[in-house]
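To start, the structure itself, in structure tokens.
The values are calculated or read from the model by the stated rules, or taken from the named source; none is laboratory data. Here the structure is a predicted model, which is why all the values come from computation and not from measurement. Positions of Cβ are backbone-derived with ideal geometry, glycine not excepted, and every protein chain shown enters the neighbour counts. The accessibility values were calculated without ligands, DNA or RNA, using every heavy atom of the protein model including side chains. Shrake-Rupley method; radii C 1.70, N 1.55, O 1.52, S 1.80 Å.
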Amino acid sequence: MNGDASHSKKKPKLSPPEISSEFSHHDPAVARINNGSFGCCPRSVTAAQRDWQHQFLRQPDNFFLNLLQPAISRSRSLVASLVNAPHVDQISLVDNATTAAAIFLQHCAWSFAEGRFSPGDAAVMLHYAYGAVKKSVEAYITRAGGHVIEVDLPFPVKSEDEIITEFRKALAKGKSEGRKVRIAVIDHVTSMPAVVIPVKELVKICREEGVEQVFVDAAHGIGCVDVDVQEIGADFYTSNLHKWFFCPPSVAFLYCRNQSNAGGDTQLQLHHPVVSHEYGNGLPVESGWIGTRDYSAQLVVPSAAEFVERFPGGIDGIKAANHSAVVEMGEMLAKAWGTNLGSPPEMCGSMIMVGLPACLGIGSESDSLKLRTHLRDCFAVEVPIYFNKRRHDHRGEEAGGGVITGYVRISYQVYNKVEDYERLRDAVHKLVNDGFTCGSLVEPESD
């Protein structure tokens, strides 16, 4: 029996008790409002995953020789249809968006090494790019002789126009220095702070300015915002499937648009960083076999899609409901605390930034981490906190007698309830009423 054999039988819509049952493995004592970091996986999908794992353990030769590749192909085909990719061969499945970024940036490093790019040619990326991707840019682009230009983005952000303006400035800066801007790394939804970026507009600008390779890092893409790779128009687009599409950790897709001006088939030029027997057969095939390992997260994409279809409107219905709910919860918190949102509602997906009262005294990254730990340990609230280093900028919003320096990033997913956000609201109220400041928290002792 294949692990997705039940996919052909359409199941009825889920009731609220059934949704709760699907996530009954979550710790009931914790207000889990941080879906953005690690996602979630319903019980029906983890059951399908275990079925695939047991099939491997029962008869591994048959599994790897006869079952694995057809199952990966089914998952790739489903992803291609979800994101409107013209052909399934443009979709590869990899571990996560960080792996996809490494694949792309490794390809760019070879372009420097093999003379297609010249020393000093530039790559543009957002200031708020994910930390691991920034490290990959350093490892592959900077070490290869490339020059990196960061797009200086404001926060809080007021409009898409602000981002577009800063992006144009960064490209102009590269040209004014006599550099060729070869590469652009653009987030679809930045992680911290969480803001939906106008990717279609930025990709269009890249085309107008002659940027050759455009990579969109959409770790929070599919299931959180609309994804149509043809409309977006980037050369490469990656998104995790375990964050907002209910797959188990970890699995992501990498879309690669074939380019006739790149010296051949793009899929044959890209390679998985783990070289195995399929090297040279195209990235989708290489990624489908990188040695003996657990491939089950890649195989349950049909099961996750089946789960999604049990909600009104499918994935579009879930996105719309989550967006509406997270905006409502964000506005409730901002009103209760006398603060502000980090972006207009239309610039958030299923996550939104909410300012914390200035009197909490968040003065460093260390303070934000200590406060997050304090909320977890003392109030059973799991929520990431962003320290706004640019708090002295004229954009800083005054509240509670000072500049807001800390923002919580709240997520909303189908398992969340209003009580989760009320617990966070009340916890912060208690801290304020008790005269708490981050300075009262000591650093944890190291071993």
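Couple of notes before you dig in:
- Taking the conditions (1) surrounded by fewer than 21 Cβ atoms within 10 Å (Cβ to Cβ); (2) more than 30 Å from V354 (Cα to Cα); (3) aliphatic (A, V, I, L, M) in turn, I19 satisfies each one other than (2).
Table: residues versus (1) closer than 30 Å to A234 by Cβ; (2) free of Cβ contacts under 8 Å to residues at least 40 places away in the same chain.
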site: K10; (1), (2): no, no
site: N34; (1), (2): yes, no
site: R43; (1), (2): no, yes
site: Q49; (1), (2): no, no
site: F63; (1), (2): no, yes
site: L67; (1), (2): no, no
site: R76; (1), (2): yes, no
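- Number of the condition not met by A304 [criteria: (1) of a type in the set (G, A, S); (2) outside any helix (DSSP H, G or I); (3) open to solvent by less than 10 Å² (accessible area, probe 1.4 Å)]: (2)
- On the stretch given as the range 166-185, residues that are assigned to a helix (DSSP H, G or I) and not acidic (D, E) total 10.
- Note on the range 106-127: residues that are under 30 Å from W244 (Cβ atoms) and crowded, with 23+ Cβ neighbours inside 10 Å amount to 5.
- Residues within the range 25-75 that are outside any helix (DSSP H, G or I) and open to solvent by less than 30 Å² (accessible area, probe 1.4 Å), tallied: 8
- Of the helices (runs of 4 or more DSSP H) lying entirely inside the range 209-295, those carrying at least 1 residues that are in contact with an Asp or Glu (Cβ under 6 Å, 6 or more places away or on another chain) and at pLDDT 90 or above are 283-287.
- Residue in the range 166-184 that is surrounded by fewer than 24 Cβ atoms within 10 Å (Cβ to Cβ), within 25 Å of V327 (Cβ to Cβ) and of a type outside the set (G, A, S) present: yes
- Selection count where residues are polar (S, T, N, Q), modelled with pLDDT of 95 or more and more than 30 Å from W244 (Cβ to Cβ), scope the range 393-447: 1
- Among (1) open to solvent by 60 Å² or more (accessible area, probe 1.4 Å); (2) within 21 Å of E177 (Cβ to Cβ) - the single one E160 does not satisfy: (2)
- Once the range 83-95 is narrowed to residues that are in a helix (DSSP H, G or I) and not β-branched (V, I, T), the residue that is surrounded by the fewest Cβ atoms within 10 Å (Cβ to Cβ) is D89.
- Qualifying residue in the range 329-341 (condition: part of a helix (DSSP H, G or I) and modelled with pLDDT under 95): no
- Residue in the range 96-109 that is out of contact with any Asp or Glu (no Cβ under 8 Å at 6 or more places or on another chain), part of a loop (DSSP other than H, G, I, E, B) and touching a residue at least 40 places away in the same chain (Cβ under 8 Å) present: yes
- Checking the stated criteria, K158 turns out not to satisfy the condition of being touching a residue at least 24 places away in the same chain (Cβ under 8 Å), in a helix (DSSP H, G or I) and farther than 28 Å from P119 by Cα.
- Per-region count, the range 349-374, residues open to solvent by less than 10 Å² (accessible area, probe 1.4 Å) and either within 17 Å of A325 (Cα to Cα) or within 24 Å of the chain's Cα centre (by Cα) (or both): 10
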